[in-house]
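Take a look at the structure set out below.
The values are calculated or read from the model by the stated rules, or taken from the named source; none is laboratory data. Being a predicted model, the structure only gives us computed values, none of them experimental. Glycine gets a Cβ as well: all are built from the backbone with ideal geometry, and neighbour counts include every protein chain shown.
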Amino acid sequence: MPHTVGIVRRYQHLWQLEGIEEVITLGEGRTPLIPVHPPWHPQKGPQVWGKLEGCNPTGSFKDRGMTVAVTMAKAQGKRVALCASTGNTAASAAAYAARAGMTAVVVIPGGKVAPGKLLQVQAYGALLLEVEGAFDVALAALRRAMADQPEWELVNSVNPWRILGQESAAYEIAEDLGRAPDLLVIPVGNAGNITAYHRGFQRLGLKPPRFIGGQAAGAASMVEGRDIEHPETVASAIRIGKPVSRPYAEEAVRTTGGAFVAVSDEAILAAQAELARQGIFVEPASATPYAVLTKLWDQGALLRDPDSIIVLIFTGNGLKDADTALRNFPARRAQWDGQPLSLAALVQREVEHV
Ligand code: F0G
């Protein structure tokens, strides 16, 4: 295996973790940073880039932190990895625990997790427990139950190794751009990831970008500055009412002159569709930054300097939530009788459609 495979080997020098013998990795990280082309974008506007975190091994950014958390848990002789999750953490924990030969137990809000994520948990063989209520209920119950279990490791983002590993996405952006962006737009649920990016740029000694935390209007705990008892949104990954990392996320936004911005479910689905038309298929939560960008543009609140750089964090792959996507993307089918001439007519019509 090349020495640089995965987050731990690539960045352990930054973290002073050089003594690790066994690294639990699936080759996470090094995700693409590609140009995004909003249709409203002026020719001489700021550069807009998207970080495709859905290209990680289990299809979301969670793998960056999970490799570190599970590597450290294994090194400490832990045997069980547990998490509460809206789905992606569960999929990632299940995969890395399987890789490590550990047991995984995931607690999810019953009936509220996207089918692709459930399938992943099943495929990797984790034990699935459902609770009634939102993610916050699941996490609180699990944290209570974790006391006095020396062989168990909680791999939610309250685990500091998770946040540390997720910093790596900020390092990659700085490597790719040769500097930190001016503005970074990121979905916020439990508020761990925005915290990680902020710390990541700081660790490199760079001036962090202005942080814009995107939330769904029905789960806008940071925007509203209060806990939401019954969060509700089509973006099930960020259907969270009591963000554990609230203070750090507030700090990231306040100290960089950023903001938290809420967008409606309709705007999130429209953003998902617009991104797909650019070849970028993300799950609804991950379309939030694009919806936020569009909203800021409409309000005239966006940087217009052509030299400025905006980065959107696309946190998870669109295949994870096939149910929502099937509703959001109607199939485009046509009848064909198998004859060359009629195919030519159909193709002609299609060319005109595009
Ligand atoms: N985007 C996706 C696709 C997510 O799965 C999550 C969180 C977020 C954004 C928000 O990140 O919580 O660090 O602010 N998913 C967690 C989970 C809660 O259980 O999979 P955050």
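Here residue 3 fulfils each of the conditions (1) at pLDDT 95 or above; (2) surrounded by fewer than 16 Cβ atoms within 10 Å (Cβ to Cβ); (3) not aromatic (Phe, Trp, Tyr) apart from (1).
Given the criteria more than 15 Å from the ligand (Cβ to nearest atom) and buried (at least 21 other Cβ atoms within 10 Å of the Cβ), does residue 293 qualify?
yes
Looking only at residues of segment 259-289 that are in a loop (DSSP other than H, G, I, E, B) and in contact (Cβ under 8 Å) with a residue 40 or more places away in the chain, we find that the one that is farthest from residue 224 (Cα to Cα) is 278. Applying the set (1) over 20 Å from residue 91 (Cβ atoms); (2) among the small types (Gly, Ala, Ser); (3) touching a strand residue (DSSP E or B) at 6+ places or on another chain (Cβ under 9 Å) to residue 316 leaves exactly one unmet item: (1).
For segment 64-78, give me each residue that is crowded, with 24+ Cβ neighbours inside 10 Å and basic (Lys, Arg). Break it down into steps so the answer makes sense when it comes.
Quick first cut of segment 64-78, residues crowded, with 24+ Cβ neighbours inside 10 Å only: 64-71, 73.
Of everything in segment 64-78, just one residue is crowded, with 24+ Cβ neighbours inside 10 Å and basic (Lys, Arg), namely 64.
In segment 31-60, the residues that are away from the ligand (no atom under 15 Å from the Cβ) reach residues that are of a type in the set (Lys, Arg) with C-beta atoms within less than 6 angstrom, at least six apart or across chains, in these pairs: 33/51.
Conditions tested, residue by residue: (1) modelled with pLDDT of 95 or more; (2) out of contact with any Phe, Trp or Tyr (no Cβ under 6 Å at 6 or more places or on another chain); (3) among the acidic types (Asp, Glu); (4) closer than 26 Å to residue 174 by Cβ.
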position: 275; (1), (2), (3), (4): yes, no, no, yes
position: 287; (1), (2), (3), (4): yes, yes, no, yes
position: 307; (1), (2), (3), (4): no, yes, yes, yes
position: 317; (1), (2), (3), (4): yes, yes, no, yes
position: 354; (1), (2), (3), (4): no, yes, no, no
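Scan segment 166-181 and give yes if some residue there is in contact with a Ser or Thr (Cβ under 6 Å, 6 or more places away or on another chain) and closer than 19 Å to residue 252 by Cβ, otherwise no. Checked against the condition, which is being in contact with a Ser or Thr (Cβ under 6 Å, 6 or more places away or on another chain) and closer than 19 Å to residue 252 by Cβ, segment 166-181 yields no hits at all.
Give me the residue from segment 171-187 that is touching a residue at least 60 places away in the same chain (Cβ under 8 Å) and either within 16 Å of the ligand (Cβ to nearest atom) or in contact with a helix residue (DSSP H, G or I) (Cβ under 7 Å, 6 or more places away or on another chain) (or both) and, out of that set, farthest from residue 262 (Cα to Cα). Among those that are touching a residue at least 60 places away in the same chain (Cβ under 8 Å) and either within 16 Å of the ligand (Cβ to nearest atom) or in contact with a helix residue (DSSP H, G or I) (Cβ under 7 Å, 6 or more places away or on another chain) (or both), it is 171.
Annotation: residue 190 fulfils all but one of (1) touching a Pro at 6+ places or on another chain (Cβ under 8 Å); (2) touching a residue at least 40 places away in the same chain (Cβ under 8 Å); (3) surrounded by fewer than 20 Cβ atoms within 10 Å (Cβ to Cβ); the unmet one is (3).
Beta carbons closer than 8 Å, at least 6 apart along the sequence or on distinct chains, pair a first residue in segment 87-100 that is within 13 Å of residue 69 (Cα to Cα) with a second that is in a helix (DSSP H, G or I) and aromatic (Phe, Trp, Tyr) for 94/124; 95/124; 97/124.
Out of the residues in segment 79-103 meeting the condition of being more than 17 Å from residue 135 (Cβ to Cβ) and within 14 Å of the ligand (Cβ to nearest atom), tell me which one is surrounded by the most Cβ atoms within 10 Å (Cβ to Cβ). Please lay out each step first, then the result.
Step one: of segment 79-103, the residues more than 17 Å from residue 135 (Cβ to Cβ) are 79-81, 95-103.
Remaining after also requiring within 14 Å of the ligand (Cβ to nearest atom): 81, 95-96.
Values: 81: 28, 95: 28, 96: 31.
That would be 96.
Among the residues of segment 188-200, the one identified as more than 7 Å from the ligand (Cβ to nearest atom) and β-branched (Val, Ile, Thr) is 195.
Kindly indicate whether residue 292 is hydrophobic (A, V, I, L, M, F, W, C) and part of a helix (DSSP H, G or I). Against the criterion (hydrophobic (A, V, I, L, M, F, W, C) and part of a helix (DSSP H, G or I)), residue 292 qualifies. Of everything in segment 17-29 that's at pLDDT 95 or above and buried (at least 16 other Cβ atoms within 10 Å of the Cβ), which residue is farthest from the ligand (Cβ to nearest atom)? It comes out as 23. Across segment 208-258, the qualifying residues are those that are under 23 Å from residue 62 (Cα atoms) and without any contact (Cβ under 8 Å) to a residue 24 or more places away in the chain, and the one among them that is surrounded by the most Cβ atoms within 10 Å (Cβ to Cβ) is 232.
Mind listing just one residue for me: the one in segment 115-127 that is buried (at least 16 other Cβ atoms within 10 Å of the Cβ) and of a type outside the set (Gly, Ala, Ser) and, of those, nearest to the chain's Cα centre (by Cα)? Checking each candidate, the answer is 117.
Among residues of segment 336-351 that are surrounded by 10 or more Cβ atoms within 10 Å (Cβ to Cβ), those with a beta-carbon under 6 Å from a residue that is not in a helix (DSSP H, G or I) at least six positions away or on a different chain give the pairs 346/334.
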